[in-house]
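Colleague: Below you'll find the structure I mean.
The values are calculated or read from the model by the stated rules, or taken from the named source; none is laboratory data. On a predicted model such as this, the values are computed, not experimentally measured, just so you know. Cβ placement follows ideal geometry from the backbone for every residue including glycine, while neighbour counts extend to all protein chains displayed. Heads up: the accessible areas ignore ligands, DNA and RNA and are worked out on the full protein's heavy atoms, side chains in. Shrake-Rupley method; radii C 1.70, N 1.55, O 1.52, S 1.80 Å.
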Number of protein chains: 2
Amino acid sequence: MRLKARLLDIQAGGRRTAILDDDTASLLGVHSSDRVKLTYKDAHLIAIVNIAGNFPLKCVGLYEEVSRQLDVKNGEPVEVQLAEIPEGLRYVQAKIAGRRLREDEVRTIVKDVVGRHLSDVELASFVTALHIHGIGMDEIEALSKAMVETGSTLSLNKNPILDKHSVGGIPGDKTSILLVPIIAAADLVIPKTSSRAITSAAGTADRVETLCPVNLTVEEIKEVVDKTNGCLVWGGALDLAPADDLFIQVEYPLAIDPLLLPSIMSKKKAIGATHVVIDMPTGRGSKIKTIGEAHALAYDFIDLGKRLGIDVQCAVTFGEQPLGYAIGPALEAREGLLATMGNGPADLREKATDIAGILLEMAGFKNGKQRAEDILKSGKAERKLREIIEAQGGNAKIRPEDIKLGHKRAEITTEVSGRVLWINNKRITQVAREAGAPKEKGAGVVLQVKLGQQIERGESLLEIYAERSTKLASAIELAESLKPIGLSKRPEETMLIDRIPPRIAHRKAFLLER
Amino acid sequence: MRLKARLLDIQAGGRRTAILDDDTASLLGVHSSDRVKLTYKDAHLIAIVNIAGNFPLKCVGLYEEVSRQLDVKNGEPVEVQLAEIPEGLRYVQAKIAGRRLREDEVRTIVKDVVGRHLSDVELASFVTALHIHGIGMDEIEALSKAMVETGSTLSLNKNPILDKHSVGGIPGDKTSILLVPIIAAADLVIPKTSSRAITSAAGTADRVETLCPVNLTVEEIKEVVDKTNGCLVWGGALDLAPADDLFIQVEYPLAIDPLLLPSIMSKKKAIGATHVVIDMPTGRGSKIKTIGEAHALAYDFIDLGKRLGIDVQCAVTFGEQPLGYAIGPALEAREGLLATMGNGPADLREKATDIAGILLEMAGFKNGKQRAEDILKSGKAERKLREIIEAQGGNAKIRPEDIKLGHKRAEITTEVSGRVLWINNKRITQVAREAGAPKEKGAGVVLQVKLGQQIERGESLLEIYAERSTKLASAIELAESLKPIGLSKRPEETMLIDRIPPRIAHRKAFLLER
């Protein structure tokens, strides 16, 4: 049926959506969420139908994603037909029914996801089914491979190519800012791509962006890596494993994460990694709660690595408090830069050299940890970080005090003396976000204490940084109500951990950072 | 944050959606599919956020559903805040995790569904979790009650109030056109509400609409029932159990139907039914495949009925071929009218008097089946049907030949002689829909044979009716490729039932009719 294009000049969040009125939809035999094939001149695509009661007759409403791809102008005629259901939907339905999927079926689903042939409803049902039924390792392998095949790849023609990834879960984890230059300074290649924060206060891309540009093209990344052996860039615009980004969109509101393994490993494969360390912050308040859980997941990562031709080792790290003291993009970048200069917090230096050490040993060096420490202490890591900053278009001479922090500041002090018994990762993140992080890069939290430390009444527990006074005020209020840090002279004085129902409603704090 | 309203003048299929640009969303701390609270003067509501890259800064885009409810004009300032996650989402997540839900939790979910606080992604995940984990009878009861509470009800102040419902599955099921007047002629109240076709060739509302208006208000229904004891109206606009309509929207593309029981029974409860017969067409090619399945489902219906204070009996009926000969709104209405006049197909008269007989016995009559047959034969059912037609605003004197059928007609003949071994319900429906049903009311199929009947080479298998010659042509083509009727002199001559992969791709034929 030939319908007049009516351009909406709005994006639909990447979705391919076409709008029809009731009558036209009925004539086409199309229901809401059915698919239509749109043809204009030589271009055609599949869109998902939304039915709008008041839409003009004989018109098809096109969001920008569709009209741009068809290259059609307002009022021009578009051929609209009911489309066959995509093959991938059948396999989605098979998964809902609990069936293990074959490799070709998984590939078909992933292709239909990337081609935008599946609706959010269908994607949501798929990830829910994966979450409930579980995914077998053959399916995980097939998903990972299909996610690589349907995206871009980085071809560096180097070997080995090292990489590191944290499954996430603790605030303030700026390990990569130290680790990448340590590895690169050891003459090993490490093209690190990172994400931005989704639910956290800062992703590595957010942190590094306060030091230098991170939004590089594949070609620019190659140049930076050729020059310096490493990079610290944002992976989001590189189109590595684009299916994963679409899965994350529906996983986020559901707070489920069945695709953790293929999501992480497909991106490692896409950049050509040969040796990868997976960092698993573990413990109370982290994503992985117990050592047992960490072990189970670690063996899955190692198995998947073998199937993808990647040598994987896992580091189970202490995750019961933030790493270092700073939480928030600029604050963390400053702390990371200081640490390369020899002045950072001990836990950050320790963790970075631990993981770098494992990577160095995987690449054939002996005494990896010692070597990593030497590189850090010698100043080679700092020089390498400055090389990378410069190669990415930043100022190589940047000093810690050049990094712009929020000017609105406040201290939260303790009303009792005692020893720090716990620091709640999620609540610290909430306070930092309330202060404006990650969007307002100077905003965040600086802890004044860490676990086990003795502190006296009236002393500072944490400092809040914000760029705006309204945000500062609400972050202070939140910090005072959430009490993210627990103190006691002796553990036996604090027996009540929680009460149910809670006295205050907490915001959702699901960790989807990968 | 105060943002300028930008009205989109399009409906979003009932969804409450607000559009923000990236930067404004980040400042609000809002991600795609998060919720915002919109406030304008005294009005406020929760909307789900869609992020559009190219949307103007400091604006909030409002679809018609939102702008109408806020009563806001283009350019006016709307207060936009990040909203707390709705409580119902926690229970959706609990269901995903496999937990049985309590009554209050179910009610919270249903309220959030009707209040449009849950997105399609969240609804899809919920129904998927219900489908996979299963629903306990306590949950089914709670869902049914909550679906009634959150909708309109019909208060007739009569007792008993009878009703009948088919779980669907066979084409041409015009039983209600006979059954409602039989019951009403026995001086019993039967306020029958029906649906329109979703995936079938005609719903009862579509059929009856060719005889008289069906789109009545609650007040009009009361008048019709007061006058005639019965009605045959469309239930869709009455807002009975509106949650169900929203669940169906996401179940449809997934082809799952976990809410069958609460969906049907909540609507019966909402019209005040005290005695209900559930018709379960059973057999190959129907929704329910085996007698065993039918029994299991029947006991669930009966149990749920008890919990809702409704006396339920179930009729397992033969579902391996269409009922009567006619498939398509006008063709079926004509056949139904003819049957009340004494000239309809035997299977239709038989089934209608069977089910009417059960209802009569439930209401205290003896020999229900005999009484139903007497009412039908005596002409009382026809007179009652004409009363109802008139009360609903139609012509009481309508003759079968007054019902407008499609003028484009074709016969499909058989190339071999033989006995009818099978008639494929889904394929018959597909051919009728290809001819234009249910939108083009005169379109459809008239079978020329039924199961077991002997037919000679060159004789007619079925007749296709259409309103347009293009539709007729494609229905003929489909009928010839699908071969919806199987013939053989002896069963042992037709051993090959199917081949996989099939030679032709079939359209989705999931049955969501209730």
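Colleague: Say we look at the range B:2-11 and pick out the residues that are within 10 Å of chain A (Cβ to nearest Cβ) and open to solvent by 10 Å² or more (accessible area, probe 1.4 Å); which of these is modelled with the highest pLDDT?
Modeller: B:ARG6
Colleague: Test of understanding: among B:ASN50, B:ASN54, which residue is open to solvent by less than 40 Å² (accessible area, probe 1.4 Å), more than 30 Å from the chain's Cα centre (by Cα) and polar (S, T, N, Q)?
Modeller: B:ASN50
Colleague: Then there is this: Taking the range B:219-265 on its own, how many of its residues are open to solvent by less than 10 Å² (accessible area, probe 1.4 Å), under 18 Å from B:ALA205 (Cβ atoms) and in a helix (DSSP H, G or I)?
Modeller: The number of residues fulfilling the criteria is 7.
Colleague: Residues that are over 23 Å from B:GLY203 (Cβ atoms): find the strands (runs of 3 or more DSSP E) completely inside the range B:375-471 holding 2 or more of those.
Modeller: B:408-413, B:418-423, B:460-466
Colleague: Given the criteria in a helix (DSSP H, G or I) and without any contact (Cβ under 8 Å) to a residue 12 or more places away in the chain, does A:GLU361 qualify?
Modeller: So A:GLU361 passes the test.
Colleague: May I pose another question? Do we have any residue at all in the range A:385-402 that's surrounded by fewer than 21 Cβ atoms within 10 Å (Cβ to Cβ), β-branched (Val, Ile, Thr) and within 30 Å of A:PHE365 (Cβ to Cβ)?
Modeller: yes
Colleague: Tell me which residues, restricted to the range B:132-142, are open to solvent by 20 Å² or more (accessible area, probe 1.4 Å) and in a loop (DSSP other than H, G, I, E, B).
Modeller: B:GLY134, B:ILE135
Colleague: Now, a different point. Scan the range A:251-280 residue by residue and report those that are within 14 Å of A:PHE301 (Cβ to Cβ), touching a Ser or Thr at 6+ places or on another chain (Cβ under 6 Å) and not aliphatic (A, V, I, L, M).
Modeller: Within the range A:251-280, A:PRO262, A:SER266, A:ASP279 meet the criteria.
Colleague: A further question follows. Can you pull out every residue in the range B:384-436 that is of a type in the set (A, V, I, L, M, F, W, C) and touching an Asp or Glu at 6+ places or on another chain (Cβ under 8 Å)?
Modeller: Just the residues of the range B:384-436 that are of a type in the set (A, V, I, L, M, F, W, C), to begin with: B:385, B:388-389, B:391, B:396, B:398, B:403, B:405, B:410, B:412, B:416, B:420-423, B:428, B:431-432, B:435.
B:ALA391, B:ALA396, B:ALA410, B:ILE412, B:TRP422, B:ILE423, listed by residue number.
Colleague: Name, by its number, the condition in (1) open to solvent by 70 Å² or more (accessible area, probe 1.4 Å); (2) part of a helix (DSSP H, G or I) that does not hold for B:ALA352.
Modeller: All conditions pass for B:ALA352, except number (1).
Colleague: Scan the range A:325-355 for residues that are closer than 24 Å to A:GLY394 by Cα, in contact with a Leu (Cβ under 6 Å, 6 or more places away or on another chain) and modelled with pLDDT of 95 or more and report the count. Even if it seems obvious, please write down each step before you answer.
Modeller: Step one: list which residues in the range A:325-355 are closer than 24 Å to A:GLY394 by Cα, which gives A:326-344, A:348-349, A:352.
Pick out the ones that are also in contact with a Leu (Cβ under 6 Å, 6 or more places away or on another chain) and you get A:330, A:333, A:339-340, A:344, A:348, A:352.
Restricting the remaining residues to those that are modelled with pLDDT of 95 or more gives A:330, A:333, A:339-340, A:348, A:352.
Residues that pass the stated criteria total 6.
Colleague: Collect the residues in the range B:266-282 that are part of a helix (DSSP H, G or I) and either of a type in the set (D, E, K, R) or within 14 Å of another protein chain (Cβ to nearest Cβ) (or both), keeping them in residue-number order.
Modeller: Matches in the range B:266-282: B:LYS267, B:LYS268, B:LYS269.
Colleague: Does the range B:274-282 contain at least one residue that is more than 19 Å from the chain's Cα centre (by Cα), more than 20 Å from B:GLY444 (Cβ to Cβ) and either open to solvent by less than 10 Å² (accessible area, probe 1.4 Å) or touching a residue at least 24 places away in the same chain (Cβ under 8 Å) (or both)?
Modeller: yes
Colleague: If you don't mind, another one. Looking only at residues that are aliphatic (A, V, I, L, M) and over 17 Å from B:GLN11 (Cβ atoms) in the range A:26-39, which one is farthest from the other protein chains (Cβ to nearest Cβ)?
Modeller: A:LEU38
Colleague: Run down A:ALA479, A:ALA475 and say which single residue is modelled with pLDDT of 95 or more and within 14 Å of chain B (Cβ to nearest Cβ).
Modeller: Details: A:ALA479 fails: within 14 Å of chain B (Cβ to nearest Cβ).
Only one candidate passes the filter, namely A:ALA475.
Colleague: Okay, moving on. Among residues belonging to the range A:14-25 that are touching a residue at least 40 places away in the same chain (Cβ under 8 Å) and open to solvent by 10 Å² or more (accessible area, probe 1.4 Å), point out the one that is farthest from the other protein chains (Cβ to nearest Cβ).
Modeller: So the residue we want is A:ARG16.
Colleague: When only residues in the range A:89-105 that are open to solvent by less than 30 Å² (accessible area, probe 1.4 Å) and more than 22 Å from A:LEU254 (Cα to Cα) count, which is farthest from the other protein chains (Cβ to nearest Cβ)? Don't jump to the end; show me each part of the working.
Modeller: From the range A:89-105, those open to solvent by less than 30 Å² (accessible area, probe 1.4 Å) are A:89, A:92, A:94-96, A:101, A:105; that's our starting set.
Right, trim to more than 22 Å from A:LEU254 (Cα to Cα) and you get A:101, A:105.
Working: A:LEU101: 15, A:GLU105: 14 Å.
Within the range A:89-105, the match that is farthest from the other protein chains (Cβ to nearest Cβ) is A:LEU101.
Colleague: Please count how many residues of the range B:331-349 are of a type in the set (Asp, Glu) and surrounded by fewer than 22 Cβ atoms within 10 Å (Cβ to Cβ).
Modeller: So the answer is 1.
Colleague: Something else now. Regarding A:ALA296, is this residue surrounded by fewer than 24 Cβ atoms within 10 Å (Cβ to Cβ) and free of Cβ contacts under 8 Å to residues at least 12 places away in the same chain?
Modeller: Values: surrounded by fewer than 24 Cβ atoms within 10 Å (Cβ to Cβ): yes; free of Cβ contacts under 8 Å to residues at least 12 places away in the same chain: yes.
When the stated conditions are applied, A:ALA296 passes them.
Table: residues versus (1) open to solvent by 20 Å² or more (accessible area, probe 1.4 Å); (2) at positive phi; (3) away from every other protein chain (no Cβ under 14 Å); (4) part of a strand (DSSP E or B).
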residue: A:GLU122; (1), (2), (3), (4): no, no, no, no
residue: A:SER144; (1), (2), (3), (4): no, no, yes, no
residue: A:SER152; (1), (2), (3), (4): yes, no, yes, no
residue: A:LYS158; (1), (2), (3), (4): yes, no, yes, no
residue: A:HIS165; (1), (2), (3), (4): yes, no, yes, yes
residue: A:GLY169; (1), (2), (3), (4): no, yes, yes, no
residue: A:LEU178; (1), (2), (3), (4): no, no, yes, no
residue: A:ASP187; (1), (2), (3), (4): yes, yes, yes, no
residue: A:ARG196; (1), (2), (3), (4): yes, no, no, no
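Colleague: Here is a follow-up. Checking the conditions here, which among A:LYS158, A:LYS145 is out of contact with any Ser or Thr (no Cβ under 7 Å at 6 or more places or on another chain), of a type in the set (Lys, Arg), touching a residue at least 24 places away in the same chain (Cβ under 8 Å) and more than 13 Å from A:PRO262 (Cα to Cα)?
Modeller: None of the other options fit; the residue is A:LYS158.
Colleague: I want to confirm something. Restricting to the range A:58-73 and keeping residues that are acidic (Asp, Glu) and within 12 Å of chain B (Cβ to nearest Cβ), which single residue is least open to solvent (accessible area, probe 1.4 Å)?
Modeller: Here the residue is A:GLU65.
Colleague: Any residue in the range B:438-450 that's within 14 Å of B:ARG409 (Cα to Cα) and open to solvent by less than 10 Å² (accessible area, probe 1.4 Å): show its pairings with residues that are in a strand (DSSP E or B) and β-branched (Val, Ile, Thr) at Cβ separation under 6 Å, as long as the two are six or more apart or on different chains.
Modeller: Within 6 Å, the pairs are B:GLY444/B:ILE327; B:VAL445/B:ILE327; B:VAL445/B:ILE464.
Colleague: Out of the residues in the range B:74-84 that are within 13 Å of chain A (Cβ to nearest Cβ) and open to solvent by 40 Å² or more (accessible area, probe 1.4 Å), state the one that is nearest to the chain's Cα centre (by Cα).
Modeller: B:GLU84
Colleague: The conditions are (1) more than 30 Å from A:LEU130 (Cβ to Cβ); (2) over 37 Å from the mean Cα position of the chain (by Cα), and B:ASP22 fails exactly one of them. Which is it?
Modeller: (1)
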